[in-house]
């Protein structure tokens with residue numbers, strides 16, 4: 001099992017602080033395993049086992065509880081006293097009135113509470129209102145490239161694995177399957193995709209037009225890294241299918257995809273005007289392997305947008321608010337507002353070896369007159385500094 005040190009270190013820093021730690025992210029991205037790793041850390045740090053309680057609401061054992069009060073009584077009865085007690089609740093949103101259980105546990109000063117959820121309903125529901133200012137959300141994603149390389153052991157070749165990373169899945173279980181039975185990886189991803197779409201979207205929202213939903217997903221997966229709007233999606237799909245798809249339906253589906261963490265919307269930011277642009281977004285997919293099973297994936301096609309997808313999630317892991325930028329009608333792939341108050345700018349290209357391409361990729365960054373760091377990430381092996389813009393090899397940057 002790969003120790004996900006970045007997330008684990010966050011939890012160690014947050015330990016015993018009177019905040020609910022909420023793990024969010026798409027199904028099977030590793031939230032449960034992360035909680036188990038932190039539980040093991042506590043045991044190794046001499047926390048008595050009877051002061052740790054774990055319950056997964058997707059498992060059979062949780063079905064015996066008829067109310068949140070029953071769960072609360074069971075938890076309190078199972079824990080011993082005499083120090084800080086640790087409670088881990090997995091997929092807690094399945095329990096009716098789960099927010100009341102969470103609140104009842106939170107108010108006890110000797111309970112440190114950790115919960116997970118696979119859709120944004122967890123924080124957009126009554127819980128978000130009830131516990132405003134009393135929780136911290138930790139977004140969990142499938143393997144980063146450094147974790148992906150580590151999963152293959154000391155003999156791993158990062159350059160070889162990087163092309164594989166761009167065209168296959170980085171869900172932890174999919175990576176394990178790919179090592180022993182690569183032919184089974186698409187079947188696993190299809191099952192996972194169906195679970196997310198059916199359980200977290202179709203069933204939860206009582207949808208009937210599955211074909212339209214699938215068309216919108218296909219459009220977004222094909223448009224990774226491109227600026228799109230609901231009007232744009234509506235027009236393209238109406239022309240392609242011959243049947244009218246309403247603007248409101250597309251907007252609603254976009255929200256559902258975001259809530260299930262299948263798709264991540266990225267708002268545009270006007271660098272010179274220092275303001276957000278409301279109408280258009282870029283969209284990135286939680287796992288490129290999911291994109292591959294829905295499209296005829298050519299490993300050599302669309303490499304620039306695949307790289308963007310990888311960089312976007314790496315920037316999320318490293319902290320800050322990530323936007324897509326505009327500078328004088330030119331795109332800056334990413335603008336990152338760091339927690340410290342600073343900014344970083346990123347342009348991503350598969351290669352910039354020829355002068356024409358290099359000039360094009362640098363031009364939007366050169367229009368930004370502030371002194372915050374600016375980077376051009378490519379697969380080229382050379383590094384250089386162009387008037388303060390640092391060109392870096394993307395593999396080195398991902399492993400740094």
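Structure notes:
- Computed FRET value (nearest 0.05) for residue 78 with residue 9, which takes r as the C-beta separation and R₀ as 22 Å: 0.15
- Shape call, the range 77-211: gyration tensor on alpha carbons, a/c limit 1.5: oblate
- Taking the C-alpha atoms only, the angle from helix 210-222 to the longest principal axis of the chain is near 50 degrees.
- Between residue 372 and residue 195, the simple label model (points 7 Å from Cα in the Cβ direction) yields a spacing of 3.8 nm.
- Normalised size of the range 256-400, defined as Cα radius of gyration per 2.2 N^0.38 Å with N residues, equals 1.04.
- Placing R0 at 56 angstrom, the Cβ-Cβ distance between residue 97 and residue 354 gives a FRET efficiency of 0.35 after rounding to 0.05.
- Look at the alpha carbon pairs under 8 Å that are at least 6 residues apart: their mean separation over the length of the chain gives a relative contact order of 13 percent.
- Considering only 47, 332, 87, the mean-square fluctuation computed in a Gaussian network model of the chain, springs between alpha carbons under 10 angstrom, is largest for 47.
- Backbone N atoms of the range 71-100 closer than 12 Å to the 7 Å Cα→Cβ label point of residue 48 belong to residues 79-85.
- Prolate/oblate/rounded call for the range 5-139, Cα gyration tensor, a/c under 1.5 rounded: rounded
- Computed [θ] at 222 nm, helices only, for the chain once each DSSP H run of length n ≥ 4 contributes -39500 (n - 2.57): -12500 deg cm²/dmol
- Inter-label distance, nm, simple model (7 Å from Cα along the C-beta direction), residue 58/residue 110: 3.3
- Against the chain, whose longest principal axis comes from its Cα atoms, helix 355-366 is set at around 60 degrees.
- Degrees, to the nearest 10: 5-14 long Cα axis against longest axis of the chain: 50
- Protection-proxy order for peptides 67-75, 390-398, 249-257, each taking the mean of Cβ atoms within 10 Å per residue, highest first: 249-257, 390-398, 67-75
- Alpha-carbon centroids, the range 82-114 and the range 293-359: separation in whole Å: 38
- Packing-based exposure ordering (other Cβ within 10 Å, fewest first) of 151, 260: 151, 260
- FRET efficiency, 1/(1 + (r/R0)^6) with R0 41 Å, evaluated for residue 232 and residue 163 via beta carbons: 0.85
- Estimated Rh, the range 308-377: Kirkwood, alpha-carbon pairs, angstrom: 12.5
- If both residues of a DSSP beta bridge must be in the chain, then about 45% of such bridges are antiparallel.
- Whether the chain is rounded, prolate or oblate, judged on the alpha carbon gyration tensor where a/c under 1.5 counts as rounded: prolate
Rule-based calculations on the coordinates, nothing more; no lab input. Not measured: the values here are computed from a predicted model. Every residue, glycine as well, gets a Cβ built from its backbone with ideal geometry; the counts of neighbours run over all protein chains shown.
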